[in-house]
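*Asks:* Can you read through this structure? Questions will come right after.
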Amino acid sequence: MGSETEVTYFFCGEEIPYRRRMKTHSLTLGHFKEQLRKKGHYRYYFKRASDEFQCGAVFEEVLDDSSVLPRYQGKILGKVERMD
């Protein structure tokens, strides 16, 4: 039985994020996309730790539906942006 994962994401520049708990231990981009009820073409970015920058984190684009989403401080934090 999988554990719950907290997923928070911003959608297309909206000021207030969305949050939900999902019962899975390894959430993939494909699983995440299935939960979005909005149609269209989007880019998906997820926060991960990085020592490249002073802030200690970076938003990394995830392209492959089978990729497991990165976690930051035990949570998944994403940004969904509309493709131009």
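Since every read-out is calculated from the coordinates, none of them should be taken as a lab result. Predicted model, so just to flag it, every value in this text is computed and none were measured. Methodologically, a virtual Cβ is constructed for each residue, glycine included, from the backbone with ideal geometry; neighbour enumeration extends over all protein chains shown.
*Asks:* Calculated from DSSP H runs of 4 or more alone, at -39500 (n - 2.57) each and per residue, what is the 222 nm mean residue ellipticity of the chain, nearest 500? Could you put the intermediate results ahead of the total?
*Replies:* Working: 1 runs with 7 residues, N = 84.
Only helices count here, giving -2000 deg cm²/dmol.
*Asks:* Suppose every Lys and Arg Cβ carries +1 and every Asp and Glu Cβ carries -1, with no other charges. What dipole size does the chain come out with about its Cα centre, to the nearest 20 debye?
*Replies:* 440
*Asks:* Can you pull out the chymotrypsin sites (Phe, Trp or Tyr not before Pro) in the chain whose DSSP state is coil and whose Cβ has at most 14 other Cβ atoms within 10 Å? Display every interim value, and only then the final one.
*Replies:* Working: sites: Y9, F10, F11, Y18, F32, Y42, Y44, Y45, F46, F53, F59, Y72; in loops: F53.
Passing sites in the chain are F53.
*Asks:* What number, in percent, do you get for the relative contact order of region 4-82 if the mean sequence gap of Cα pairs under 8 Å and at least 6 apart is divided by its residue count?
*Replies:* Details: 145 pairs, mean separation 31.2, N = 79.
Relative contact order here is 39 percent.
*Asks:* Under 22 Å Cα-Cα from K75, which lysines qualify once same-chain neighbours fewer than 8 residues away are excluded?
*Replies:* Answer for K75, where 22 Å is the Cα cut-off: K23, K33, K47, listed by chain and number.
*Asks:* Computed over the Cα atoms of the chain, what is the convex hull's projected area averaged over all directions, in nm²? Mind showing how you got there, number by number?
*Replies:* On the way: hull surface 24.7 nm².
With every direction weighted equally, the projected area is 6.2 nm².
*Asks:* In the chain, with Lys and Arg counted as +1 and Asp and Glu as -1 at Cβ, which of these residues, P70, Y9, A49, has the Cα nearest the positive end of the dipole, that is, farthest along it?
*Replies:* Value: Y9.
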